[in-house]
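Okay, structure first, notes after.
The values are calculated or read from the model by the stated rules, or taken from the named source; none is laboratory data. Fair warning: this is a prediction, and the values are worked out from it, not measured in the lab. Glycine also receives a Cβ, built like all others from the backbone with ideal geometry; neighbour counts cover every protein chain displayed.
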Amino acid sequence: MMLSSKSLALAAVLLVSYDVDAFVSPQQSRTSTALAGYGIGSWKNKSSSPSSSGGAAVATRNPWDDVNETNKVAKTDAFTKAPAAVKKSYGLGSWSKTASPGGSGPASSTKMTPLPASVHAGVVTGQAQVDLLNHAKENGYAIPAVNCVSSSGINACLEAAARNDSPVIIQFSSGGSQFYAGKGLDNTDFAAAIDGAISGAFHVRTLAKRYGVPVILHTDHCAKKLLPWIDGLLEASENYYQMNGEPLFSSHMIDLSEEPIEENLEICQDYLARFSKVGMLLEMELGITGGEEDGVNNEDVALEDLYSKPEEINQVYEALSPISHMYTVAAAFGNVHGVYSPGNVKLEPKILSRAQAYISEKLGNSAPADGKPVNFVFHGGSGSDVTDIQEAIGYGVIKMNIDTDTQWSYWNGINQYSKKNYDYLQGQIGNPEGPEKPNKKYYDPRECMRAAEAETVDRLDQCFSDLLCTNVCGGSLSPSPRGKSIGGLPV
Ligand SMILES: [Zn+2]
């Protein structure tokens, strides 16, 4: 079901008016005191420790040598933010904001604990990433994970993250990676998909620090036949680690949900062991996310396969935890890729709660105090009711994928731009102002692409708000300059 242009225009107006107060540009909002910490002297490698003159933003220890011990347990159940009173079924024509959760500002401005000192602007890997995800769990928010296929899409994500003063996850699918390299490039042996993802990673690393937000750099679904793609990227991260003391990517997803669970776990164990040596996190999938995405069609799967059992999630916990705690689980709780008519998406977030309780009981005294031993990832959230989303966050969801909604917003920005300027876009010369008037400034691709970006930033504002992921950084991070530093590029 498509959004009507009328409701979207209304939504856009409401979003814009909501965001005016909240928007403070990075330049306006942040002090420069932490900038020094990102200077050349702070570039971290395995043989020298960083000078932490900038305070908050620089890791002060090898960020992954104590990963296994420090998947810290929350001391309190910090999911104190009640689900927003506003009930929005976004993506289905009614997602315009009718009231803001906190009255005048973002919902999560209260009771957010300060970001751990290890978490810095730029790409976070290793311990910084673990600390950031634990912060999400303890404070009851999930980080939006947005599929990007272009530098323009990436920039929209970074802009939205900076506007919300919050972390973001930027991820590439295999098809998106190939597109990033250029569809005209030969993709034999996944060469274009590997190089495209690396190219995107360098783009993110170049700019994330400039936007002043922490970014988890990730790749999306990797089915068994796509494993050579991840092998290429992992090799790149291992090489990058040798040279720079951190991996190129923060994490990868390996989706073997279509294989028998034993095989799924066995392969994930092998990858997790390799990932953990360079401070990378593994996202694995259990059960099937329905719907269609990036050429994978699960529209006709049996209903029971859309729901993971607590025993299965426990199997994952028992298989992976002894290797490393740097993994997340995309469990199936009725989630479906894509946007469908209301009623077709029957989410059962309590499946996640039951799994947490089941595993905690098995763990007995060694169960984490918050009763949430597993970090969950929410796939197929488009079209979900915000109360379901926030209920799932309360059960340990720390990442939600966003693809369909931003595909729509990007297109809709172009569509609206084209409609608005139709008479100026039908030829290089000639418009209602005169037959010889040039139209160059209307068909300059920057115009329609910027309209797409602006619409996407607005849509992402809604995502950040729904996921209670606003003002997470609390103004503690600064845009940092180019130069050798962790999270950026060594140039
Ligand atoms: Zn997915």
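Kindly indicate whether any position in region 202-222 is touching a Leu at 6+ places or on another chain (Cβ under 9 Å) and over 30 Å from Q462 (Cβ atoms). No, because not a single residue in region 202-222 is touching a Leu at 6+ places or on another chain (Cβ under 9 Å) and over 30 Å from Q462 (Cβ atoms).
For region 311-318, the criterion of being of a type in the set (V, I, T) and surrounded by fewer than 17 Cβ atoms within 10 Å (Cβ to Cβ) is met by none of the residues. For region 216-233, give me each residue that is more than 16 Å from the ligand (Cβ to nearest atom) and surrounded by fewer than 21 Cβ atoms within 10 Å (Cβ to Cβ). Within region 216-233, K225, L227, P228, D231, G232 qualify. Just one of (1) closer than 26 Å to F172 by Cα; (2) modelled with pLDDT of 95 or more fails for H337. It is (2).
Anything in region 412-454 that is part of a loop (DSSP other than H, G, I, E, B) and among the hydrophobic types (A, V, I, L, M, F, W, C)? List them, or say none. Hit for region 412-454 is L425, nothing else. Of the candidates A236, A201, A192, the single residue that is away from the ligand (no atom under 16 Å from the Cβ), part of a helix (DSSP H, G or I) and either farther than 19 Å from L282 by Cβ or without any contact (Cβ under 8 Å) to a residue 24 or more places away in the chain (or both) is A192.
For the subset of region 384-394 comprising residues that are more than 16 Å from K137 (Cβ to Cβ) and charged (D, E, K, R), which member is farthest from the ligand (Cβ to nearest atom)?
So in region 384-394, the residues more than 16 Å from K137 (Cβ to Cβ) come out as 384-388.
Pick out the ones that are also charged (D, E, K, R) and you get 385, 388.
Working: D385: 19, D388: 17 Å.
Among them, the one singled out is D385.
Hey, any hits in region 237-255 for a residue that's modelled with pLDDT under 95 and either in contact with a Gly (Cβ under 8 Å, 6 or more places away or on another chain) or of a type outside the set (D, E, K, R) (or both)? Scanning region 237-255 turns up no residue that is modelled with pLDDT under 95 and either in contact with a Gly (Cβ under 8 Å, 6 or more places away or on another chain) or of a type outside the set (D, E, K, R) (or both). The single condition from (1) surrounded by fewer than 24 Cβ atoms within 10 Å (Cβ to Cβ); (2) out of contact with any Asp or Glu (no Cβ under 6 Å at 6 or more places or on another chain) that G175 fails is (2).
How many residues are closer than 30 Å to S476 by Cβ and in a helix (DSSP H, G or I) if we restrict to region 204-233?
8
Please go through region 282-298 and pick out each residue that is over 30 Å from P247 (Cβ atoms) and either free of Cβ contacts under 8 Å to residues at least 60 places away in the same chain or not in a strand (DSSP E or B) (or both). E292, N297, N298 - these are the residues of region 282-298 that are over 30 Å from P247 (Cβ atoms) and either free of Cβ contacts under 8 Å to residues at least 60 places away in the same chain or not in a strand (DSSP E or B) (or both).
Being under 27 Å from K111 (Cβ atoms) and of a type in the set (D, E) narrows it down to one of D461, D444, so name that one. Result of the check over D461, D444: D461. Take the conditions (1) out of contact with any strand residue (DSSP E or B) (no Cβ under 8 Å at 6 or more places or on another chain); (2) in a loop (DSSP other than H, G, I, E, B); (3) closer than 30 Å to E391 by Cβ; L185 misses just one of them, which is (3). Scanning region 358-383 for residues that are out of contact with any Gly (no Cβ under 8 Å at 6 or more places or on another chain) and within 16 Å of the ligand (Cβ to nearest atom) yields V377, F378, H379, G381.
Given the options A451, A392, name the one that is among the aliphatic types (A, V, I, L, M), surrounded by 15 or more Cβ atoms within 10 Å (Cβ to Cβ) and in contact with a Gly (Cβ under 8 Å, 6 or more places away or on another chain).
Working: A392 fails: in contact with a Gly (Cβ under 8 Å, 6 or more places away or on another chain).
After applying the criteria, what remains is A451.
Put simply, of A332, A319 the only residue that is within 14 Å of the ligand (Cβ to nearest atom) and either modelled with pLDDT of 75 or more or of a type in the set (A, V, I, L, M) (or both) is A332. Each residue in region 455-491 was checked for being closer than 19 Å to A160 by Cβ, touching a Ser or Thr at 6+ places or on another chain (Cβ under 8 Å) and surrounded by fewer than 22 Cβ atoms within 10 Å (Cβ to Cβ), and 2 of them qualify.
Residues of region 395-411 include at least one that is within 16 Å of the ligand (Cβ to nearest atom), buried (at least 22 other Cβ atoms within 10 Å of the Cβ) and either part of a loop (DSSP other than H, G, I, E, B) or free of Cβ contacts under 8 Å to residues at least 60 places away in the same chain (or both).
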